[in-house]
1. Return the residues of segment 1-11 that are under 19 Å from Lys54 (Cα atoms) and either at pLDDT 95 or above or hydrophobic (A, V, I, L, M, F, W, C) (or both); say none if nothing qualifies.
2. Does Tyr50 satisfy the criteria of being outside any loop (DSSP other than H, G, I, E, B) and among the hydroxyl-bearing types (Ser, Thr, Tyr)?
3. In segment 18-31, which residues are of a type outside the set (Asp, Glu), part of a loop (DSSP other than H, G, I, E, B) and surrounded by 11 or more Cβ atoms within 10 Å (Cβ to Cβ)?
4. What's the total number of residues in segment 15-37 that are of a type in the set (A, V, I, L, M, F, W, C) and within 14 Å of Tyr50 (Cβ to Cβ)?
5. Could you say which residue among Ile43, Ile15, Ile35 is surrounded by fewer than 10 Cβ atoms within 10 Å (Cβ to Cβ) and either at pLDDT 90 or above or among the β-branched types (Val, Ile, Thr) (or both)?
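The values are calculated or read from the model by the stated rules, or taken from the named source; none is laboratory data. Predicted model only: the values in this text are computed from it and were never measured. Every residue, glycine as well, gets a Cβ built from its backbone with ideal geometry; the counts of neighbours run over all protein chains shown.
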Amino acid sequence: MKRKINCYNCVSLFITHDPKRRWGCNFFGFKSKFIPTIEVKRITGTECAYYTLKESKNLSKTEKNDSNGRLA
């Protein structure tokens, strides 16, 4: 079974300041009061084909500063 697409993890999702159309999709270029994946599914009948996973901003343990909080 396919995994359900979650816009919160997509690079194209943006949040607007418009209370009537809170969510937007940069790829498709629209704003909606529903999360974009719901609109895409409702209009096209299929899951979003352009979902692109965001890169994680968490640093791995080796990339972190190994100073344990000490400056000197």
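1. Hits for segment 1-11 are Ile5, Cys7, Cys10, Val11.
2. Numbers: outside any loop (DSSP other than H, G, I, E, B): no; among the hydroxyl-bearing types (Ser, Thr, Tyr): yes.
No: the conditions fail for Tyr50.
3. Those that are of a type outside the set (Asp, Glu), part of a loop (DSSP other than H, G, I, E, B) and surrounded by 11 or more Cβ atoms within 10 Å (Cβ to Cβ): Arg21, Arg22, Asn26, Phe27, Phe28.
4. 4
5. Working: Ile43 fails: surrounded by fewer than 10 Cβ atoms within 10 Å (Cβ to Cβ); Ile35 fails: surrounded by fewer than 10 Cβ atoms within 10 Å (Cβ to Cβ).
Only one candidate passes the filter, namely Ile15.
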